[in-house]
1. Has the range A:240-260 got any residue that is touching a strand residue (DSSP E or B) at 6+ places or on another chain (Cβ under 8 Å) and among the hydroxyl-bearing types (Ser, Thr, Tyr)?
2. Go through the range A:320-341 and give me each residue that's among the small types (Gly, Ala, Ser) and surrounded by fewer than 19 Cβ atoms within 10 Å (Cβ to Cβ).
3. Six or more apart or on different chains, Cβ atoms under 6 Å: show the pairs whose first residue is in the range A:251-278 and without any contact (Cβ under 8 Å) to a residue 60 or more places away in the chain and within 13 Å of RNA strand B (Cβ to nearest atom) and whose second is of a type in the set (Val, Ile, Thr) and open to solvent by less than 70 Å² (accessible area, probe 1.4 Å).
4. Give the residues of the range A:119-156 that are farther than 19 Å from residue A:260 by Cβ, in contact with a helix residue (DSSP H, G or I) (Cβ under 9 Å, 6 or more places away or on another chain) and surrounded by 15 or more Cβ atoms within 10 Å (Cβ to Cβ), sorted by residue number.
5. List pairs: first residue in the range A:197-223 and farther than 18 Å from residue A:234 by Cβ and near RNA strand B (Cβ under 9 Å from one of its atoms), second residue of a type in the set (Lys, Arg) and open to solvent by 60 Å² or more (accessible area, probe 1.4 Å) anywhere in the structure, Cβ distance under 7 angstrom, at least six positions apart or on different chains.
6. I'd like the full set of residues that are on the phi < 0 side of the Ramachandran plot and open to solvent by 40 Å² or more (accessible area, probe 1.4 Å), limited to the range A:254-277.
7. Could you list all residues from the range A:480-516 that are open to solvent by 40 Å² or more (accessible area, probe 1.4 Å) and in a helix (DSSP H, G or I)?
8. Take the range A:459-470 and flag every residue that is open to solvent by 50 Å² or more (accessible area, probe 1.4 Å) and farther than 18 Å from residue A:412 by Cβ.
Amino acid sequence: MNILPFSPPKLPSLVHFLHFCRNISLMGEKVRVRFAPSPTGPLHIGGVRTALYNYLFAKRHGGDFILRIEDTDQNRFVEGAEKYIVESLKWCGIMPAESPESGGKYGPYRQSERKEMYRQYADQLIKSGNAYYAFDTPEALEALRKKMEEEKAPNTSYCASNRLTMDNSLVFGIEEAEKRVAAGENFVIRFKMPDNNQVEADDLIRGRVTVNTALLDDKVLFKSDGMPTYHLANVVDDHTMDISHVIRGEEWLPSLPLHVMLYKAFGWEMPQFAHLPLLLKPDGKGKLSKRDGDKMGFPVFPVEWHNPDGEVYSGYRESGYLPQAFINMIALLGWNPGTEQEIFSREELSELFSIDRVNKAGARFDPEKAKWFNHQYIMSQGLDDVTEAFMIELQKHNISVLREFAAKVCDLTRERVNFVHEIWQQSAFFFVAPAGYDQEVIKKRWKENTPELLRGVIENVMQKTRFDAFLLKPALEDYCNNNQIGMGPIMIGLRLCMVGAASGPDLFAIMEMLGKEEVIQRIETGLQKIK
RNA sequence: GGUCCAUUCGUCUAGGGGUUAGGACGUCAGGUUUUCAUCCUGGUAACAGGGGUUCGAAUCCCCUAUGGACUACCA
């Protein structure tokens, strides 16, 4: 009898309870996360993983995942990059709730289209004394850098220790600066970094990070071309879009203190931050980059990328990866649920994902394991889907067959491949008679009496048995037993005639599919050609 | 150079003071398949180093080493 008003917690429910506690801390504010790439080129798998983790985090907490395009650098704009990003995410099944395409109530979602709003925020910081106008020429900046380097100063850039020696409004006042601005002079707006403050920032993955502002510089917030820099735009947008969690790559960790200072200067509540570890090259030297893939023999991009200059970079999609396999693989590169499960559906990932199980250290990408994942999915996927993909492969080889036949071929061969396109290599003999025969096998296994044996099989088995794998096998066995012939040589001989090699699926299944006429024809051809 | 971050089998990782340091990929061996592949079974292989703290450290602290990121009017 249970006298408690509720059942006592069992071990599994303790886990749920902990999840529940974490959820409570997330309640009250809706989870809103963003993936914010800049359209300066294709998205590689590191970027896709960042997008995926954001997406999964949103799903896990019933929040929104949004896509924002950070195109504040007009010089680095690359034609087609944004389209590529959208297409890649789509292929991966990472669908944003709000995006430049679909819109949303926090739009626009392209920073270039939000241009007007940034200046007022920069002005706000000037008014509150947290930012200032600067008119320094590139030459002056370069001279400053050199000088500070020579002095071996701890901070070699524009900062508290030297800003009063430069050409800015801290030196000659705001009014003077505004006059110069009105006169059309080029200017930037810089953040006035306090001199000696300890900035503390909490990271969901790394814990507390502390930096002294003396080591930080006066970053440009607003550029002379009228656009904000990433730092300003990012903070303003995350705030105005009600972003609750900023999940981004580790390369942003060094600018976290700046961003924290910006939130403080604006007097805004900060989102929570999580900096993801980087994806490393397979040899472990440095972060994965654009050219690594094709150099090392695997794709780094989700889908094929055509550079405006004509260069082509291979993609997972074109290489024959299934999107689910790809997602599964990258999800596990830096995260795991703590169990020994390795294959996860999208839904499972959405249920299980949690930031606190993301690793701190960078992960090297392993192309071999990527293939294994794909194999798992080729095996577990519905035969229809595999057949569908294989039909397309067949077209490339100018083969047209009944879908039913292709499905049988897939069923027989998919366990031996990592990719759908490899099915062709494993199954071409189903569609075309072998053009040649494996010499090694002939040398070893094709005996003097093999032709004689095969003729006997044609006469006594082929001609007399219905072409069904379940009937052919016992028929051949009976024949061999009755005449005291070993099965081995016959099987190898037949296989050589059918396939051209000593490999492939069950021989009887092959013969059933080929049909009596074709089988006999191939034996005849083999008898002529194999010596 | 400076700042920050990281470090468990070759690779991805489990591990929150007491474990024969577990799993997966790869690799090797055996078995199944009269082929090849799949599959099964087994083997291989790791706490970067040095100091602490502790009865006891892979686990906590410090130093060193190594690796990485950042150090633009790029994101």
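The values are calculated or read from the model by the stated rules, or taken from the named source; none is laboratory data. In this text, all values refer to a predicted model and were calculated from it rather than measured experimentally. Cβ: placed from backbone, ideal geometry, glycine included. Neighbour counts: every protein chain shown. What goes into the accessible areas is simple: the full protein's heavy atoms, side chains included, and nothing from ligands, DNA or RNA. Shrake-Rupley method; radii C 1.70, N 1.55, O 1.52, S 1.80 Å.
1. Within the range A:240-260 (the criterion being touching a strand residue (DSSP E or B) at 6+ places or on another chain (Cβ under 8 Å) and among the hydroxyl-bearing types (Ser, Thr, Tyr)), the answer is yes, since at least one residue qualifies.
2. Within the range A:320-341, A:338 is the sole residue that qualifies.
3. A:257/A:199; A:257/A:211; A:259/A:235
4. Selection gives A:126, A:132, A:133, A:134, A:135, A:136, A:144, A:156.
5. Close Cβ pairs (under 7 Å, with a partner that is of a type in the set (Lys, Arg) and open to solvent by 60 Å² or more (accessible area, probe 1.4 Å)) amount to A:205/A:360; A:206/A:360.
6. A:254, A:264, A:268, A:269, A:270, A:272
7. Once the filter is applied, which keeps residues that are open to solvent by 40 Å² or more (accessible area, probe 1.4 Å) and in a helix (DSSP H, G or I), the range A:480-516 yields A:481, A:482, A:483, A:487, A:489, A:491, A:512, A:516.
8. A:459, A:460, A:463, A:464, A:466
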